[in-house]
Amino acid sequence: MSPNSADGPEPGPAGAGNGPAVSRREFDALFEAVRTWGRWAPADRGAWNRVTAEHVRRATAAVRSGQVVPLALPWNTRPGPDNPRPALHHMTDLGDVESPEPSTHKDFIAADYHGKAVTHLDALCHVAYRGQLYDGRTANDLVGAAGARFGAVSALGPLVTRGVLLDLPGVLGIRWLEPGQAVHAQDVIAAEKALGVTIGKGDAALLRSGHVRRRGELGAWDPGAASAGFHVDAVPLLAERGIALLGGDGDSDVRPSPVDGVHSPVHALVVAAMGVPLLDNLDLEALSAATAEAGRHEFLLVVAPLNIPGGTGSPVNPVAIL
């Protein structure tokens, strides 16, 4: 039975666990093991340097049906437990103040987007660990009131690459993973086998936990306190595969964090150590249905962040093309 059907299987068991716990010493050793500092030029594009013109050509050649699936959440202006700082949207011109014809209508948007309610890309300057950005750059020297002078989103540009959907609820035959449930390396390998796909060099790996479906059926909660996502033990596998981008319908980290004193350990490992930008708060429900119907979980992915000099990231509307 499809996990996307209205009368599909029940949700996964509560309290599946965010562990095992990882000590700070173990985490620091893991950080050193996956670090790619000094590997690329320009350094502030990080792992996006893996995506060559040949990689793009192969990714575009994989398009078959031409179906386009947008992956962004709606612009969220309503406060809630997962949206304490709502995005802004108001009209600035109702077409009644100018002549001659034609009249025009204008609006204003703004967002404190590094949260749980806006689909966005994290640039490399967004995360520092032990005071250091990716490539060993000192955060205090390079990020200030005017923005970032290293690792800004403007250094990234657009990304066109192969995407792989790790649809964990689809594999398990459940509606969603419960908040606090960790996805481990063995879960990634099992999902690849079940879905008939393997994450490769330069790919974007997207994790569907069913977050958006759970929110739609049960209502909003605080995902900063509890959300499904990757355990840190999955990161060495992703590093070995050579990913260029990691994303999901949460923010990729399982919460609560299994690492004492590190609230977002996957962010620290993936962004600050590996130089891999993150896509947070995707809506992967339509993509789950489309890939299940197509019988394949790979697709062309296009991510075009705003060109914001000094920006720590950008709201985005990524698209998958099957």
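In this structure, residue 122 does not qualify as over 23 Å from residue 75 (Cα atoms), touching a helix residue (DSSP H, G or I) at 6+ places or on another chain (Cβ under 7 Å) and open to solvent by less than 70 Å² (accessible area, probe 1.4 Å).
Residue by residue through the range 257-290, note down the ones that are assigned to a helix (DSSP H, G or I) and open to solvent by less than 20 Å² (accessible area, probe 1.4 Å). Steps first, please.
Going through the range 257-290, the residues assigned to a helix (DSSP H, G or I) turn out to be 265-273, 285-290.
Across the range 257-290, the qualifying residues are 265, 266, 267, 268, 269, 270, 271, 272, 273, 287, 288, 290.
Restricting the range 147-167 to residues that are open to solvent by less than 20 Å² (accessible area, probe 1.4 Å) and β-branched (Val, Ile, Thr) leaves a set whose member that is nearest to the chain's Cα centre (by Cα) is 164.
Cβ separations smaller than 6 Å between residues 6+ apart or across chains give no pair from the range 162-179 residues that are without any contact (Cβ under 8 Å) to a residue 24 or more places away in the chain to residues that are open to solvent by less than 10 Å² (accessible area, probe 1.4 Å) and assigned to a loop (DSSP other than H, G, I, E, B). Could you check, for the range 182-201, whether at least one of its residues is under 24 Å from residue 68 (Cα atoms), modelled with pLDDT of 95 or more, within 18 Å of the chain's Cα centre (by Cα) and acidic (Asp, Glu)? Taking every residue of the range 182-201 in turn, none turns out to be under 24 Å from residue 68 (Cα atoms), modelled with pLDDT of 95 or more, within 18 Å of the chain's Cα centre (by Cα) and acidic (Asp, Glu).
Tell me which of these residue 309 doesn't satisfy, since it passes every other one: (1) under 24 Å from residue 171 (Cβ atoms); (2) open to solvent by 30 Å² or more (accessible area, probe 1.4 Å); (3) of a type outside the set (Phe, Trp, Tyr). Among (1) under 24 Å from residue 171 (Cβ atoms); (2) open to solvent by 30 Å² or more (accessible area, probe 1.4 Å); (3) of a type outside the set (Phe, Trp, Tyr), residue 309 violates only (1).
When the range 54-109 is examined, which residues are found to be farther than 22 Å from residue 316 by Cβ and either of a type in the set (A, V, I, L, M) or open to solvent by less than 80 Å² (accessible area, probe 1.4 Å) (or both)? Scanning the range 54-109 gives 61, 81, 91, 93, 94, 95, 97, 98, 103, 104. Report, by residue number, each residue of the range 132-146 that is open to solvent by less than 50 Å² (accessible area, probe 1.4 Å) and closer than 24 Å to residue 247 by Cα. Of everything in the range 132-146, those that are open to solvent by less than 50 Å² (accessible area, probe 1.4 Å) and closer than 24 Å to residue 247 by Cα turn out to be 133, 134, 135, 136, 139. Annotation for the range 291-306: no member residue is assigned to a helix (DSSP H, G or I), open to solvent by less than 10 Å² (accessible area, probe 1.4 Å) and in contact with a helix residue (DSSP H, G or I) (Cβ under 7 Å, 6 or more places away or on another chain). Of all residues in the range 227-238, those satisfying the criterion of being in contact with a strand residue (DSSP E or B) (Cβ under 6 Å, 6 or more places away or on another chain) and either open to solvent by 30 Å² or more (accessible area, probe 1.4 Å) or of a type outside the set (A, V, I, L, M, F, W, C) (or both) are 227, 229, 231. For the range 41-63, name all the residues that are of a type in the set (A, V, I, L, M) and free of Cβ contacts under 8 Å to residues at least 40 places away in the same chain. Answer for the range 41-63, where residues must be of a type in the set (A, V, I, L, M) and free of Cβ contacts under 8 Å to residues at least 40 places away in the same chain: 41, 53, 61. Residues that are in contact (Cβ under 8 Å) with a residue 60 or more places away in the chain and either β-branched (Val, Ile, Thr) or out of contact with any strand residue (DSSP E or B) (no Cβ under 8 Å at 6 or more places or on another chain) (or both) within the range 69-106 comprise 69, 80, 81, 82, 83, listed in sequence order.
Pairs linking a residue in the range 193-214 that is closer than 19 Å to residue 293 by Cα to a residue that is among the aromatic types (Phe, Trp, Tyr) and modelled with pLDDT of 95 or more, with Cβ atoms under 6 Å and 6 or more positions apart or on different chains, are 210/176; 213/176.
Only residues that are assigned to a strand (DSSP E or B) and out of contact with any Phe, Trp or Tyr (no Cβ under 8 Å at 6 or more places or on another chain) were counted across the range 149-163, and they come to 2.
For residue 241, the requirement of being open to solvent by 10 Å² or more (accessible area, probe 1.4 Å) and over 15 Å from residue 228 (Cβ atoms) is met. The set of residues in the range 307-322 that are of a type in the set (A, V, I, L, M) and not in a loop (DSSP other than H, G, I, E, B) comprises 319, 320, 321.
The values are calculated or read from the model by the stated rules, or taken from the named source; none is laboratory data. All of these numbers come straight from a predicted model, not from anything done at the bench. As a convention, Cβ positions derive from the backbone with ideal geometry for all residues, glycine included, and neighbour counts pool all protein chains shown. Side chains included, ligands, DNA and RNA excluded: accessible areas come from the protein's heavy atoms. Shrake-Rupley method; radii C 1.70, N 1.55, O 1.52, S 1.80 Å.
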